[in-house]
Amino acid sequence: MAKANLQEIELPAMLEGMPLLGKTRVDLSTRLLKFASPSDRADEQLVSEIKIPLRLNFFCSTCHGERSFVFREAPDRFYHLGLATTPTLVLISHITDTYVLPYVCVNCANSEKTLIVKYSLDDELSFLHKISEFPPNGPPIPKRLLKLVGDDKALLLQGYQAERQGFGIGAYGYYRRVVDEHKKQFLEEALKVAKLNNAEVTTIETIQNAIDARDFSASVSMVKDAIPKELFIDGQNPFTLLYGLLSEGLHSHTDAECLELAESIRVVLLAFCEKSETMLKEDEKLKKAVRLFNSRKSGQTKPSPEE
């Protein structure tokens with residue numbers, strides 16, 4: 001997450017992307033609110049309100065992508081849809097300062113997002129704290145990446161959970177261990193793509209030697225010019241990127257800085273797996289089409305199992 005002062009973080013950005021326990025300043029407005037008293041007489045009280053975003057963007061597990069979620073007013077007198085359908089959070093001194101914010105996906109009207117925020121007053125400044133979010137925001141880790149890390153997928157998922165909760169040092173440590181333990185599998189993926197591209201024999205041998213090398217830094221040095229360009233991320237070798245991010249070290253950075261590094265590691269891993277998966281799937285589709293053509297040419301209605 002990018003660094004920012006509390007005053008620079010808008011409420012929508014805090015609710016959408018800030019890790020748990022993050023906070024941001026909010027502006028209050030006041031008005032006279034009428035309640036129905038137990039004696040059925042109007043009970044007026046001066047209250048403060050916080051404007052809540054009507055729409056926010058979250059990952060929808062039903063739609064399998066980022067979608068717009070709309071605020072769904074809860075059956076509670078302390079939520080109010082005011083003019084221009086702007087939802088407001090009513091703050092009254094004698095009630096709890098913790099509030100549930102329910103949202104639902106506009107596209108499918110099925111997936112729900114529930115946020116819990118806490119109001120606080122500090123040195124005459126008003127703040128909202130993000131204390132809970134369900135389900136956690138963000139897309140699931142792709143199955144191909146989970147398959148590549150094998151038995152250590154729990155470490156990858158724990159790293160992702162730590163990242164989403166804002167624990168930078170923890171997330172960085174988990175991701176670093178995953179990459180260190182499975183550089184062989186990632187390089188083998190690159191080798192498949194290199195063979196698919198009919199790379200030169202020397203290139204194939206270089207990647208194979210890097211796979212066999214015990215030290216990650218040595219492997220990265222070997223493949224700096226051997227990784228297929230189709231796997232490059234923004235014009236850069238993914239293994240060089242990973243090594244640069246991992247060589248930073250835990251002890252020389254703050255938790256916030258480690259969180260930024262951890263997010264970058266995950267993004268590089270996801271991009272690498274997505275690119276390799278796309279190429280390998282396209283190759284499989286091509287081979288399937290050729291098998292189908294050959295089977296029809298030979299008079300078969302279906303490709304033989306051996307093919």
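Number of residues in segment 167-223 that are in a helix (DSSP H, G or I), of a type in the set (A, V, I, L, M, F, W, C) and either farther than 23 Å from L270 by Cβ or in contact with a Lys or Arg (Cβ under 6 Å, 6 or more places away or on another chain) (or both): the value is 6. At pLDDT 85 or above and either open to solvent by 50 Å² or more (accessible area, probe 1.4 Å) or touching a strand residue (DSSP E or B) at 6+ places or on another chain (Cβ under 8 Å) (or both), is that true of F59? It is true that F59 is at pLDDT 85 or above and either open to solvent by 50 Å² or more (accessible area, probe 1.4 Å) or touching a strand residue (DSSP E or B) at 6+ places or on another chain (Cβ under 8 Å) (or both).
Looking only at residues in segment 111-161 that are in a strand (DSSP E or B) and among the polar types (S, T, N, Q), the one that is least open to solvent (accessible area, probe 1.4 Å) is S126.
One residue alone among D255, D234, D283 is modelled with pLDDT under 90, acidic (D, E) and within 30 Å of R164 (Cα to Cα), and that residue is D255. I'd like to check something: does segment 246-259 contain any residue that is under 25 Å from V201 (Cβ atoms) and touching an Asp or Glu at 6+ places or on another chain (Cβ under 9 Å)? Checked segment 246-259: no residue is under 25 Å from V201 (Cβ atoms) and touching an Asp or Glu at 6+ places or on another chain (Cβ under 9 Å). Inside segment 207-231, can you point out the residues that are β-branched (V, I, T) and either farther than 19 Å from M279 by Cβ or at pLDDT below 90 (or both)? Listed by number, the list holds a single entry, V220. Scanning segment 111-152 for residues that are more than 22 Å from the chain's Cα centre (by Cα), of a type in the set (A, V, I, L, M) and over 17 Å from P53 (Cβ atoms) returns L121, L125. Across segment 224-268, the number of residues qualifying as among the aliphatic types (A, V, I, L, M), part of a loop (DSSP other than H, G, I, E, B) and farther than 19 Å from A194 by Cα comes to 1.
From the list V106, V179, V100, pick out the single residue that is open to solvent by 50 Å² or more (accessible area, probe 1.4 Å) and either more than 21 Å from F58 (Cα to Cα) or modelled with pLDDT under 90 (or both). After applying the criteria, what remains is V100. Among the residues that make up segment 79-87, is at least one of them part of a strand (DSSP E or B), loosely packed, with under 15 Cβ neighbours inside 10 Å, hydrophobic (A, V, I, L, M, F, W, C) and modelled with pLDDT under 90? Yes, there is a match, as at least one residue in segment 79-87 is part of a strand (DSSP E or B), loosely packed, with under 15 Cβ neighbours inside 10 Å, hydrophobic (A, V, I, L, M, F, W, C) and modelled with pLDDT under 90.
The values are calculated or read from the model by the stated rules, or taken from the named source; none is laboratory data. Being a predicted model, the structure only gives us computed values, none of them experimental. Here the Cβ is made from the backbone with ideal geometry for all residues, glycine too, and neighbour counts use every protein chain on show. Side chains included, ligands, DNA and RNA excluded: accessible areas come from the protein's heavy atoms. Shrake-Rupley method; radii C 1.70, N 1.55, O 1.52, S 1.80 Å.
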